[in-house]
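Asker: Okay, here's the structure, questions in a sec.
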Amino acid sequence: MIAPRSIASDPVAITALAEAIARGERECTAAEARELLDLVPGTPAAEAFFAGAQKIRDAFVGKVLKVCSVVNVKAGNCSENCSYCSQAAGAEVVDYAKTKWIGDQNIAKAAETAAQNGAKALGLVAAWKGVKEGPMLDMVCDAIEEFSQNGKVRPDVNLGILESQHCADRIKQAGAKVYGHNLETAASHFDNICTTHSWEERMKTIQYIKKSGMGLCSGGIVGMGETKEQRVEFMEQIRFIEPDMVPINFLNPIPGTKLGDIGKLDADEALITMAVFRYMLPDRNLMTAGGKEVVLGDRVGEVFKTGINAVMVGNYLTTLGTDPQFWRDAARQHGLVMAAEVTEIEDQAGSGCGSKAGCGCDD
């Protein structure tokens, strides 16, 4: 008996799938996504695949490139043991500045720099387990209130696991428009990455965020030793929670972290994976975030052929990023324009990370 031909080797079938998704007639199934992850680069099927990803993007979210930045408002000495992170408990990485919660002036300076780089949002990111009720919540909310009055960029936060719905509601009331909280990886792989908190705790925080009315930015990191089946499982879980923005990071294997010795993802595999995200999540904002420079090297400009519509600019939490002007030029070459250059897009809650015209922040 002859086995059925995989969709990954059939450009006609791929084109038909992409067109059906773009018309809103059907979803990409998990089985199809798994087959597409095996697509061979440089083939007619690959050409049809990437063209289809762009067609789906254009149909659902258009050609305006959303841009955001992050700032580390509390760096180092984290209690969590996330295997990918240089700030994690037990990580033997010392080549970054450890800080307590930075002051309002430093946040304001970061907001100004983000705006100059074309970002519409700045995410305040803290290296700790999360926010608890009491003095910690009060400190966080005071800083958000000050930041929200700055007016340079939209105030977003990424502050870890929330203790209660009250925490989420207070943070929303303080002025945060979007809360970034990555699932990181598939539920079946999470315990291989972190043991000081659970995947279920992350999911609970996501429920708090959504109930509060804040926009949700949630994605994860690809290339942490997960199988391709787990990669598809992760995409399905992201599809279930329906975040407004999905940051797609690639592991930067930093020496001194628990995943420091793992090989970096192949560039073609990374690009294919991003495009499969677009097939699986046609109407979501998809952002290429941390690790893209390390994995893609001089091919980093190819991210736009995968159907992404958002990018993180400036520096990351403990590593440097690409010059923002590069992203402006690369976007134009692929027919996209930065949101900051489109004057009719107003910077308001309705066009923020909680909508198709917004951007998100990285965990």
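The values are calculated or read from the model by the stated rules, or taken from the named source; none is laboratory data. This one's a predicted model, so the numbers in the text were calculated from it and none came from an experiment. Note: ideal-geometry Cβ built from the backbone for every residue, glycine included; neighbour counts use all protein chains shown.
Asker: Any chance the range 305-313 includes a residue that's modelled with pLDDT of 95 or more and surrounded by fewer than 22 Cβ atoms within 10 Å (Cβ to Cβ)?
Answerer: Within the range 305-313, one or more residues are modelled with pLDDT of 95 or more and surrounded by fewer than 22 Cβ atoms within 10 Å (Cβ to Cβ).
Asker: Could you please give the count of residues in the range 193-217 that are part of a loop (DSSP other than H, G, I, E, B) and either modelled with pLDDT under 95 or in contact with a strand residue (DSSP E or B) (Cβ under 7 Å, 6 or more places away or on another chain) (or both)? Lay out the reasoning, then the answer.
Answerer: So the first thing to find is which residues in the range 193-217 are part of a loop (DSSP other than H, G, I, E, B), and the list is 193-198, 213-214.
Filter once more, so that each one left must be either modelled with pLDDT under 95 or in contact with a strand residue (DSSP E or B) (Cβ under 7 Å, 6 or more places away or on another chain) (or both): 193-198, 214.
Of the residues in the range 193-217, 7 are part of a loop (DSSP other than H, G, I, E, B) and either modelled with pLDDT under 95 or in contact with a strand residue (DSSP E or B) (Cβ under 7 Å, 6 or more places away or on another chain) (or both).
Asker: Here's a follow-up. Just need a number here: residues in the range 243-256 that are out of contact with any Leu (no Cβ under 7 Å at 6 or more places or on another chain), part of a loop (DSSP other than H, G, I, E, B) and not polar (S, T, N, Q).
Answerer: The initial filter retains those residues of the range 243-256 that are out of contact with any Leu (no Cβ under 7 Å at 6 or more places or on another chain), namely 245, 247, 249, 252, 254-256.
Pick out the ones that are also part of a loop (DSSP other than H, G, I, E, B) and you get 252, 254, 256.
If we keep only those that are not polar (S, T, N, Q) as well, we get 254, 256.
Total satisfying the criteria: 2.
Asker: Could we say that ALA270 is of a type in the set (Gly, Ala, Ser), at pLDDT 95 or above and crowded, with 23+ Cβ neighbours inside 10 Å here?
Answerer: Details: of a type in the set (Gly, Ala, Ser): yes; at pLDDT 95 or above: yes; crowded, with 23+ Cβ neighbours inside 10 Å: yes.
In short, yes.
Asker: All but one of (1) under 25 Å from the mean Cα position of the chain (by Cα); (2) part of a loop (DSSP other than H, G, I, E, B) hold for VAL40; which doesn't?
Answerer: (1)
Asker: What's the total number of residues in the range 273-293 that are in contact with a Phe, Trp or Tyr (Cβ under 7 Å, 6 or more places away or on another chain) and at pLDDT 90 or above? So that I can check it myself, show each step before the final result.
Answerer: Applying the first criterion (in contact with a Phe, Trp or Tyr (Cβ under 7 Å, 6 or more places away or on another chain)) to the range 273-293 yields 275, 282-283, 286, 290-292.
With the extra rule that they be at pLDDT 90 or above, the set shrinks to 275, 282-283, 286, 291-292.
Summing the residues that are in contact with a Phe, Trp or Tyr (Cβ under 7 Å, 6 or more places away or on another chain) and at pLDDT 90 or above in the range 273-293 gives 6.
Asker: Name every residue in the range 169-192 that is closer than 18 Å to ILE221 by Cβ, in a helix (DSSP H, G or I) and among the acidic types (Asp, Glu), in order of residue number.
Answerer: Of the residues in the range 169-192, the ones closer than 18 Å to ILE221 by Cβ are 180-192.
Those left that are additionally in a helix (DSSP H, G or I): 190-192.
Across the range 169-192, the qualifying residue is only ASP191.
Asker: Within the range 84-105, does at least one residue satisfy the condition of being modelled with pLDDT under 95, of a type outside the set (S, T, N, Q) and in contact with a helix residue (DSSP H, G or I) (Cβ under 7 Å, 6 or more places away or on another chain)?
Answerer: Taking the range 84-105 and keeping what is modelled with pLDDT under 95, we get 84-105.
Then drop every residue that is not of a type outside the set (S, T, N, Q), which leaves 84-85, 88-98, 100-104.
Applying the additional criterion that residues be in contact with a helix residue (DSSP H, G or I) (Cβ under 7 Å, 6 or more places away or on another chain) yields 101, 104.
Yes, the range 84-105 contains at least one residue that is modelled with pLDDT under 95, of a type outside the set (S, T, N, Q) and in contact with a helix residue (DSSP H, G or I) (Cβ under 7 Å, 6 or more places away or on another chain).
Asker: Could you list, in sequence order, all residues of the range 326-347 that are at pLDDT below 80, in a helix (DSSP H, G or I) and surrounded by fewer than 18 Cβ atoms within 10 Å (Cβ to Cβ)?
Answerer: GLU341
Asker: Only residues that are farther than 26 Å from ALA339 by Cβ, part of a loop (DSSP other than H, G, I, E, B) and acidic (Asp, Glu): list them for the range 257-300, please.
Answerer: Passing the criteria: ASP261, ASP266.
Asker: Would you please name the residue that is surrounded by the fewest Cβ atoms within 10 Å (Cβ to Cβ), looking only at residues in the range 166-191 that are at pLDDT below 95 and more than 18 Å from the chain's Cα centre (by Cα)?
Answerer: It comes out as GLY175.
Asker: Residues in the range 10-50 that are buried (at least 16 other Cβ atoms within 10 Å of the Cβ) and either within 20 Å of HIS334 (Cα to Cα) or not acidic (Asp, Glu) (or both): how many?
Answerer: Within the range 10-50, residues that are buried (at least 16 other Cβ atoms within 10 Å of the Cβ) and either within 20 Å of HIS334 (Cα to Cα) or not acidic (Asp, Glu) (or both) number 19.
Asker: Also: Go through the range 131-153 residue by residue and tally those that are over 14 Å from ILE102 (Cα atoms), touching an Asp or Glu at 6+ places or on another chain (Cβ under 7 Å) and not basic (Lys, Arg).
Answerer: Result for the range 131-153: 2.
Asker: May I pose another question? Could you give every pair whose Cβ atoms fall below 8 Å, whose first residue belongs to the range 52-79 and is farther than 30 Å from ILE144 by Cα and part of a helix (DSSP H, G or I), and whose second residue is among the acidic types (Asp, Glu) and at pLDDT 95 or above, counting only separations of at least 6 or pairs across chains?
Answerer: GLY52/GLU19; LYS55/GLU19; PHE60/ASP283
Conditions tested, residue by residue: (1) without any contact (Cβ under 8 Å) to a residue 60 or more places away in the chain; (2) of a type in the set (A, V, I, L, M).
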| position | (1), (2) |
| --- | --- |
| LYS211 | yes, no |
| MET214 | no, yes |
| LYS228 | no, no |
| PRO255 | no, no |
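Asker: Output yes when any residue across the range 257-266 is at pLDDT 95 or above and among the aliphatic types (A, V, I, L, M), and no when none is.
Answerer: Kept after step one, since they are at pLDDT 95 or above, are these residues of the range 257-266: 265-266.
Add one more test, that the residue is among the aliphatic types (A, V, I, L, M), and what stays is 265.
Yes, the range 257-266 contains at least one residue that is at pLDDT 95 or above and among the aliphatic types (A, V, I, L, M).
Asker: Look at the range 206-241 and say how many of its residues are crowded, with 22+ Cβ neighbours inside 10 Å and among the polar types (S, T, N, Q).
Answerer: 1
Asker: Here is a further query. Report whether or not GLU163 is in contact with a helix residue (DSSP H, G or I) (Cβ under 7 Å, 6 or more places away or on another chain) and either over 23 Å from MET338 (Cβ atoms) or surrounded by fewer than 20 Cβ atoms within 10 Å (Cβ to Cβ) (or both).
Answerer: So GLU163 fails the test.
Asker: In the range 118-130, which residues are crowded, with 22+ Cβ neighbours inside 10 Å, out of contact with any Ser or Thr (no Cβ under 6 Å at 6 or more places or on another chain) and not in a strand (DSSP E or B)?
Answerer: GLY118, LYS120, ALA127
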